[in-house]
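Undergrad: The structure is given below, and queries will be raised subsequently.
The values are calculated or read from the model by the stated rules, or taken from the named source; none is laboratory data. This is a predicted model, so every value here is computed, not measured. A quick note on method: Cβ atoms are made from the backbone with ideal geometry, for glycine too, and the neighbour counts reach across all protein chains shown.
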């Protein structure tokens with residue numbers, strides 16, 4: 001059994017090296033059918049199949065020695081569908097892997113060893129958001145798209161209050177709260193500056209909190225000696241997580257000067273679209289839906305606010321990569337296809353199709369000439385993701401962290417410590 005496992009590992013490494021040599025050009029693609037791949041490889045993803053079909057067709061025309069077949073899966077059932085397919089031995093060869101499933105499927109993916117694809121090469125080719133796919137064992141996926149968290153703002157509200165520029169830093173945002181937040185005679189908020197403080201009616205609350213925590217220099221999850229651990233309670237940072245949790249919840253405190261949001265509001269995306277919210281933190285991929293909700297709304301986009309005097313910039317992102325299933329029955333061709341998808345024209349066209357930024361650094365250097373893409377592309381340069389062990393469970397952990405502070409069940413330090421313990425339990429499963 002041990003000999004079989006050793007042989008399997010050696011074969012995978014040899015195939016990995018071959019694949020890398022092929023799509024890097026060391027082995028010319030025109031020399032033989034073998035070096036170009038053969039047969040059929042199946043790619044799963046959640047993008048609408050009719051929309052992505054032209055890109056798949058173009059890819060197959062460009063690479064005629066093998067066939068790439070795309071199968072659309074629902075985002076809600078992708079996890080369960082993949083588990084069932086792998087259990088029955090009929091799983092795909094490749095998957096458009098969202099970063100929030102990378103931890104869950106790490107042991108079912110082929111981790112490309114750094115001896116075959118070096119860490120330096122990866123970092124020179126892809127933006128930092130793609131580093132969520134880096135583990136001690138190797139590269140779990142080739143990053144292909146980055147969907148950064150940005151700040152949409154209502155230009156009409158800013159203009160009516162003589163605000164020239166949207167806030168670049170958190171302290172600038174705080175100064176705008178007394179100016180932009182409007183209240184009626186009963187002191188009830190009628191127009192909000194920003195949706196922060198609560199969890200249930202703040203769209204992307206976990207992502208916003210993640211960005212705040214990571215802006216302290218805290219990675220949330222890190223790997224030590226092959227084991228993943230929570231860093232939420234780590235205090236050896238310039239600003240610890242507890243202080244930023246307090247900053248977040250202060251926006252929901254009626255006794256605080258930055259009180260701007262309460263439970264009476266609908267979710268923040270709807271509040272923004274009905275023009276009751278000046279600033280909305282959303283993802284690049286939401287642009288089309290925001291436009292369709294209120295075509296007459298005068299809004300623009302800016303970068304996610306930063307900590308003043310910090311030595312780095314950071315926002316969070318949803319990152320997607322091309323991952324190779326270790327169970328692929330056409331592994332060599334799957335590897336070649338993954339490399340071609342990540343490094344060829346497909347990457348830029350797929351990002352445009354999704355309304356997000358590409359993960360490749362060379363593509364980020366030339367954003368499309370429109371009003372929104374330059375912000376999306378520049379944000380993708382400093383976007384980060386973290387290895388989420390279970391999106392549903394971590395969402396619950398973050399919700400309880402906020403709610404326990406608002407209800408005075410725990411102080412901010414206790415809430416962070418409780419979240420840290422629960423996240424560690426998830427990572428140990």
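Undergrad: Show me the strands (runs of 3 or more DSSP E) found entirely inside the stretch 242-347 where at least 1 residues are touching a helix residue (DSSP H, G or I) at 6+ places or on another chain (Cβ under 6 Å) and outside the structural domain of residue 419 (by TED's automatic domain parsing).
TA: Values: elements: 277-283, 299-302, 315-324.
The strands (runs of 3 or more DSSP E) meeting that bar are 315-324.
Undergrad: Sort through 36, 5 and tell me the only one that's loosely packed, with under 13 Cβ neighbours inside 10 Å and modelled with pLDDT under 95. If you could, list the steps in order and put the result at the bottom.
TA: Working: 36 fails: loosely packed, with under 13 Cβ neighbours inside 10 Å.
Being loosely packed, with under 13 Cβ neighbours inside 10 Å and modelled with pLDDT under 95 holds for just one of 36, 5, which is 5.
Undergrad: Can I ask one more? Checking the condition over 30 Å from residue 424 (Cβ atoms) and surrounded by 18 or more Cβ atoms within 10 Å (Cβ to Cβ), which residue from 260, 285, 242, 289 passes?
TA: On the way: 285 fails: surrounded by 18 or more Cβ atoms within 10 Å (Cβ to Cβ); 242 fails: over 30 Å from residue 424 (Cβ atoms); 289 fails: surrounded by 18 or more Cβ atoms within 10 Å (Cβ to Cβ).
Result: 260 is the single residue among 260, 285, 242, 289 that is over 30 Å from residue 424 (Cβ atoms) and surrounded by 18 or more Cβ atoms within 10 Å (Cβ to Cβ).
Undergrad: A further question follows. Going through the stretch 138-156 one residue at a time, which ones are touching a helix residue (DSSP H, G or I) at 6+ places or on another chain (Cβ under 8 Å) and either surrounded by fewer than 21 Cβ atoms within 10 Å (Cβ to Cβ) or over 13 Å from residue 279 (Cα atoms) (or both)?
TA: Across the stretch 138-156, the qualifying residues are 139, 140, 141, 142, 143, 144, 145, 146, 147, 148.
Undergrad: Out of (1) out of contact with any strand residue (DSSP E or B) (no Cβ under 6 Å at 6 or more places or on another chain); (2) under 19 Å from residue 337 (Cβ atoms); (3) at pLDDT 95 or above, what's the single condition that is false for residue 71?
TA: Result: residue 71 fails condition (1) only.
Undergrad: Kindly state which helices (runs of 4 or more DSSP H) lie completely within the stretch 350-406 and contain at least 2 residues that are at pLDDT 95 or above, under 20 Å from residue 305 (Cβ atoms) and within 17 Å of the chain's Cα centre (by Cα).
TA: Values: elements: 361-364, 373-381, 391-406.
By residue number, 373-381.
Undergrad: When both residues are 6+ apart or on different chains and their Cβ atoms are under 7 Å apart, which pairs have a first residue that lies in the stretch 82-97 and is farther than 15 Å from residue 335 by Cα, and a second that is surrounded by fewer than 21 Cβ atoms within 10 Å (Cβ to Cβ)?
TA: 86/108; 86/327; 91/85; 91/327
Undergrad: Mind listing whichever residues of the stretch 220-236 are surrounded by 15 or more Cβ atoms within 10 Å (Cβ to Cβ) and part of a loop (DSSP other than H, G, I, E, B)?
TA: 220, 231, 232, 233, 234
Undergrad: Does residue 180 fit the bill of being out of contact with any strand residue (DSSP E or B) (no Cβ under 6 Å at 6 or more places or on another chain) and in the same structural domain as residue 286 (by TED's automatic domain parsing)?
TA: Values: out of contact with any strand residue (DSSP E or B) (no Cβ under 6 Å at 6 or more places or on another chain): no; in the same structural domain as residue 286 (by TED's automatic domain parsing): yes.
No; evaluated as a whole, the condition is false for this residue.
Undergrad: Looking at residue 127, is it modelled with pLDDT under 95 and assigned by TED's automatic domain parsing to the domain that holds residue 325?
TA: On the way: modelled with pLDDT under 95: no; assigned by TED's automatic domain parsing to the domain that holds residue 325: yes.
So residue 127 fails the test.
Undergrad: Sticking with this structure for a sec: Are any residues in the stretch 407-421 more than 22 Å from the chain's Cα centre (by Cα) and assigned to a helix (DSSP H, G or I), and if so, which ones? Give the derivation first.
TA: As a first pass, look at the stretch 407-421 and keep what is more than 22 Å from the chain's Cα centre (by Cα): 407-418, 421.
Matches in the stretch 407-421: 412, 413, 414, 415, 416, 417, 418, 421.
Undergrad: Is at least one residue of the stretch 132-152 part of a helix (DSSP H, G or I), more than 30 Å from residue 346 (Cβ to Cβ) and either under 15 Å from the mean Cα position of the chain (by Cα) or in the same structural domain as residue 280 (by TED's automatic domain parsing) (or both)?
TA: The initial filter retains those residues of the stretch 132-152 that are part of a helix (DSSP H, G or I), namely 132-133.
This time we only want the ones that are more than 30 Å from residue 346 (Cβ to Cβ), so: none.
For the stretch 132-152, residues part of a helix (DSSP H, G or I), more than 30 Å from residue 346 (Cβ to Cβ) and either under 15 Å from the mean Cα position of the chain (by Cα) or in the same structural domain as residue 280 (by TED's automatic domain parsing) (or both): absent.
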